[in-house]
Amino acid sequence: MKEQEDDINKEDNDEDYLESSIITDDLEKNTIDRRRIKKENFSKKRAAVESVFDERTVFQLNKLIINGPLDKIEGLISAGKEANVYLAYDRKGNEVAVKIYKIDRNTSKWMMKYIIGDRRFKKIPKNVAKLIFLWASKEYKNLKRAYKVGLNVPKPIHIKNNILIMQYIGSGKTPAPILKDVKNPKNIDELFQDVMVFIKKLYQKANLVHGDLSEFNILYHNDKAIFIDISQAVDVQHPKAEDFLVRDIQNIINYFNKLGITFTELEKFYYEVINKEV
Ligand SMILES: Nc1ncnc2c1ncn2[C@@H]1O[C@H](COP(=O)(O)OP(=O)(O)O)[C@@H](O)[C@H]1O
Ligand SMILES: [Mg+2]
């Protein structure tokens, strides 16, 4: 865990960090090599790039296993549109979750909405792979911000290109379910309070708005809510931050309404979060 702690505590200048994580020598070399073999290999390359395990990702994963924090990949937890999540083990035999973003052009287009306008990202790469790497590092940084202020998010462990390693939430090989799939969550009032406090602290202490908060992105573990999928979260200064905040609050109210909780003070709560007088 020592290496992991160092990773988290390391003070990083946002932009330096991004630049160095995106532009790797390997990548540059790969691009030149790829150009050379473009003709013969075109369809093969295309098929590979469309899956999560394109050549570069396999190469990086191997590096993470040979001389990085990972020991082995155990199996798939979730296959999504933008990313797959795997259960893996670190060198000490602890479970970790590995989220691998797909290097995909369509995904990168959708991502722009959340990147443009975020003051942390001044240079936006045109290259699809680099944009996805930026996105993955955004999730890592958002997790780090939230984790540092004590919020219930998986602890970020490591980021390399499109591969994010974080604390695994689950018991043994069974990952925690998303809230949506839990039939009768316990202490609903308390759970609702916890989610509302998360929204507020994320805004006020971590200066972030989740942007995709709902029962689909909350894990239910030991009767508590753990908040995940924070890649699209934007800085509070983002021009759309307040729209995203209203949407997040509304999603949560809708979900808890179905469980029998009545909450009619969306507006009041919204102003409380952004800390302005009504
Ligand atoms: N740290 C984690 N521990 C255990 N399971 C996780 C973890 N992070 C994600 N998952 C699982 O993977 C699924 C997809 O992860 P998520 O970050 O929501 O990506 P996306 O929705 O973009 O595919 C989640 O619904 C959850 O089941
Ligand atoms: Mg999700």
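The values are calculated or read from the model by the stated rules, or taken from the named source; none is laboratory data. Please read these numbers as outputs of a predicted model, since none were measured by experiment. Neighbour counts are summed over all protein chains in view; Cβ atoms, including those assigned to glycine, are modelled from backbone coordinates with ideal geometry.
Would you confirm, using the coordinates I've provided, whether Asp181 is among the acidic types (Asp, Glu), more than 18 Å from Ala83 (Cβ to Cβ) and within 13 Å of ligand 2 (Cβ to nearest atom)?
Numbers: among the acidic types (Asp, Glu): yes; more than 18 Å from Ala83 (Cβ to Cβ): yes; within 13 Å of ligand 2 (Cβ to nearest atom): yes.
Against the criterion (among the acidic types (Asp, Glu), more than 18 Å from Ala83 (Cβ to Cβ) and within 13 Å of ligand 2 (Cβ to nearest atom)), Asp181 qualifies.
Given the conditions (1) within 12 Å of ligand 1 (Cβ to nearest atom); (2) closer than 20 Å to Phe263 by Cβ, which single one is not true for Asp181?
All conditions are met except number (2).
This table checks each residue for (1) within 16 Å of ligand 1 (Cβ to nearest atom); (2) outside any strand (DSSP E or B).
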site	(1), (2)
Ala88	yes, no
Val96	yes, no
Lys99	yes, no
Tyr114	yes, yes
Lys122	no, yes
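From Ile252, Ile199, which residue is touching a Ser or Thr at 6+ places or on another chain (Cβ under 9 Å) and of a type outside the set (Asp, Glu)?
Only one candidate passes the filter, namely Ile252.
Sort out which residues of the range 172-189 are without any contact (Cβ under 8 Å) to a residue 40 or more places away in the chain and assigned to a strand (DSSP E or B), and write them in order of number.
Across the range 172-189, the qualifying residue is only Thr174.
When the residues of the range 49-82 are filtered to those that are of a type outside the set (A, V, I, L, M) and within 16 Å of ligand 2 (Cβ to nearest atom), which remaining residue is modelled with the lowest pLDDT?
Narrowing the range 49-82 to residues of a type outside the set (A, V, I, L, M): 50-51, 53-57, 59-60, 62-63, 67-69, 71-72, 74-75, 78, 80-82.
Next cut, within 16 Å of ligand 2 (Cβ to nearest atom) only: 78, 80-82.
Numbers: Ser78: 95, Gly80: 90, Lys81: 87, Glu82: 91.
Of everything passing the filter in the range 49-82, Lys81 is modelled with the lowest pLDDT.
Condition first: basic (Lys, Arg) and more than 16 Å from Ile230 (Cα to Cα). Now tell me which residues in the range 87-104 satisfy that.
So the first thing to find is which residues in the range 87-104 are basic (Lys, Arg), and the list is 91-92, 99, 102.
Arg91, Lys92, Lys102, listed by residue number.
Only one residue in Lys224, Lys268, Lys200 is under 24 Å from Lys113 (Cα atoms) and not assigned by TED's automatic domain parsing to the domain that holds Asn84, so which one is that?
Details: Lys224 fails: under 24 Å from Lys113 (Cα atoms); Lys268 fails: under 24 Å from Lys113 (Cα atoms).
Going through Lys224, Lys268, Lys200 in turn, just one is under 24 Å from Lys113 (Cα atoms) and not assigned by TED's automatic domain parsing to the domain that holds Asn84: Lys200.
State all residues of the range 58-86 that are in contact (Cβ under 8 Å) with a residue 24 or more places away in the chain, of a type outside the set (Gly, Ala, Ser) and within 16 Å of ligand 1 (Cβ to nearest atom); if no residue qualifies, say none.
Correct list: Pro69, Leu70, Ile73, Glu74, Ile77, Lys81, Glu82, Asn84.
Only one of these conditions is not met by Pro239: (1) surrounded by fewer than 17 Cβ atoms within 10 Å (Cβ to Cβ); (2) within 16 Å of ligand 2 (Cβ to nearest atom). Which number is it?
All conditions pass for Pro239, except number (2).
One residue is enough: does the range 214-233 have a residue meeting the conditions away from ligand 1 (no atom under 16 Å from the Cβ) and crowded, with 19+ Cβ neighbours inside 10 Å?
no
Tyr255 - would you say it is surrounded by 20 or more Cβ atoms within 10 Å (Cβ to Cβ), under 26 Å from Lys99 (Cβ atoms) and among the aromatic types (Phe, Trp, Tyr)? Walk me through it before giving the result.
Values: surrounded by 20 or more Cβ atoms within 10 Å (Cβ to Cβ): no; under 26 Å from Lys99 (Cβ atoms): yes; among the aromatic types (Phe, Trp, Tyr): yes.
No, not satisfied.
Please work out if Ile188 is in contact with a Leu (Cβ under 7 Å, 6 or more places away or on another chain) and exposed (fewer than 14 other Cβ atoms within 10 Å of the Cβ). Step through it out loud before you land on a result.
Numbers: in contact with a Leu (Cβ under 7 Å, 6 or more places away or on another chain): yes; exposed (fewer than 14 other Cβ atoms within 10 Å of the Cβ): yes.
Spelling it out, Ile188 is indeed in contact with a Leu (Cβ under 7 Å, 6 or more places away or on another chain) and exposed (fewer than 14 other Cβ atoms within 10 Å of the Cβ).
Residues of the range 165-178 being away from ligand 2 (no atom under 15 Å from the Cβ) and more than 30 Å from Asp118 (Cβ to Cβ), which ones?
Listed by number, the residues that qualify are Gly170, Ser171, Gly172, Lys173, Thr174.
Can you say whether Asn217 is without any contact (Cβ under 8 Å) to a residue 60 or more places away in the chain, within 25 Å of Ala83 (Cβ to Cβ) and out of contact with any helix residue (DSSP H, G or I) (no Cβ under 8 Å at 6 or more places or on another chain), as far as the supplied structure shows? Steps first, please.
Details: without any contact (Cβ under 8 Å) to a residue 60 or more places away in the chain: yes; within 25 Å of Ala83 (Cβ to Cβ): yes; out of contact with any helix residue (DSSP H, G or I) (no Cβ under 8 Å at 6 or more places or on another chain): yes.
Here the answer is yes, as Asn217 does meet what is asked.
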